[in-house]
1. HN-Hα J couplings of segment 215-224 from phi, Karplus 6.51/-1.76/1.60, θ = phi - 60°, integer Hz, Gly and Pro as x?
2. So which trypsin sites (Lys or Arg not before Pro) in segment 1-104 are both in a DSSP loop and have at most 13 other Cβ atoms within 10 Å of their Cβ?
3. Say R0 is 35 Å: what FRET efficiency, to the nearest 0.05, do residue 138 and residue 232 get from their beta-carbon distance?
4. Within segment 151-252, which chymotrypsin sites (Phe, Trp or Tyr not before Pro) sit in a loop by DSSP and count at most 15 neighbouring Cβ atoms inside 10 Å?
5. With +1 assigned to the C-beta of every Lys and Arg and -1 to the C-beta of every Asp and Glu, and no other charges, what is the dipole magnitude of the chain about the Cα centre in debye, to the nearest 20?
6. Counting only C-alpha contacts under 8 Å and six or more residues apart, can you give the relative contact order of the chain as a whole percent?
7. On average over all directions, what projected area in square nanometres does segment 53-183 have, based on the convex hull of its Cα atoms?
8. For the chain, state the average projected area of the convex hull of the C-alpha atoms over all orientations, rounded to one decimal in nm².
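None of the figures in this text is laboratory data; all of them are computed from the coordinates on show. All of these numbers come straight from a predicted model, not from anything done at the bench. Note that each Cβ is placed from the backbone with ideal geometry, even for glycine, and that neighbours are counted across all protein chains shown.
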Amino acid sequence: MIEVEGLQLAYQFGRGQRGGERSQEAIAELSLRVERGESLAIIGPSGCGKTSLLYVLAGIRRPTAGSVRIAGEEVRGPRRDVALILQDIGLLPWKTVWKNVVLGLELNGGLDQAHLARVEAILKELGLAELRGRYPAQLSGGQKKRVGLARALAVEPEVLLMDEPLAFLDEQTKEEIQDSILQLWQERKERLTMVLVTHDIEEAVFLGERIAVLTPRPARMKALLENPGMGAVEYRRSPEFYELVRRLRELL
């Protein structure tokens, strides 16, 4: 589904004192494959290039070298079948919950009855149905995260990219939304591929069928771990869960 081959990304910073281009390498020779319907979690040191990798997958950044393909097609820009949830969610403060959720659908050509029914179902799944008329300023942090997730799912993406989607939440709220993400992905597993970037090792183990560990910048693949126990809410309390968390802490 997602094929990354020899990916390199460098940021240009203009010219130095001697007239040459100044640059900083964010990703170096990274290769990765994510199968259709798989959930991959990506972790690594702060500033290592995790978010840069998501931007390349989303078509927001063009790689310096290498290739990225989704469903066999080279990524040359943003795609309708790829949804990206950023850390700050990016809700429009002057739009209600409903208007924020349907925004992507409206930009893609408008709403029909099937779209309306799908949005209604997603709002119910995420416990947002009664909040449809509220504005972002009237929502809690957890509710805003759920609205961002609903907006992404409303366009029925084949690939869902998430960059620290549950940052700055208390542990109880975070676990509740993690449970919701797991359930929503499992219900759509035949058609939804999920890539999650996170600093939270427990979150990576809970939501990733495989876990990619990146090196400090520039990002390279340090390890790629299988996580066969992932998929049940109860896994979070199991010895296998804590053993994998321990292994990842050692790798980092």
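1. 7, x, 3, x, 5, 10, 7, 8, 7, 9
2. 18, 76, 80
3. The computed FRET efficiency comes out at 0.55.
4. Loop-located and lightly packed - 168.
5. Once rounded to the nearest 20, the dipole reads 900 debye.
6. After rounding, I find 27 percent.
7. For segment 53-183, averaging the hull's shadow over all directions gives 8.8 nm².
8. 15.0 nm²
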